[in-house]
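Here's the structure we're looking at; comments come further down.
Quick note: the coordinates plus some simple rules give every number you see, no bench work behind them. Remember, predicted model here, so these are calculated numbers, not experimental data.
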Amino acid sequence: MVFDLSQVTGIGDYQEKKEKERTLYLKGDKVFLVINKNTIEVRTDGELKKLLTEKYESVMESRYFGRGGIEIVLARQLGVDDLNDLVRLSYNLS
């Protein structure tokens, strides 16, 4: 599964910064999304992070955001609509 940010509605302007192994997406000077080869990382709140990490094997603490986010393995445990909602939330938290 490949995540396509262009399919996410309801977010405003952002910048893209490519690095060796990942791409960062920024709202102003704050990163709201990290796309790696097989995962994405987003900002989230503590309660949602706890719920998602307990419910899904493919969700873990973010390596980029640490306690402030989650990393999701793109293994289809979460649907495209759920991923899009999480990206919108992350954008709004940035």
Starting from 0.36 nm per residue, how many nanometres of slack lie between Lys30 and Leu5 once their C-alpha separation is accounted for? 7.3 nm
What are the residues whose amide H is under 5 Å from the amide H of Glu61, where those residues sit 5 or more places off or on another chain and H is modelled from the backbone? Glu71
Restricting to lysines 8 or more places apart or on different chains, can you count the pairs in the chain with Cα atoms under 22 Å from each other? 12
Would you kindly state how much longer the chain becomes between Val80 and Lys17 on full extension, computed as 0.36 nm times their sequence separation minus their alpha carbon distance, in nm to one decimal? 20.4 nm
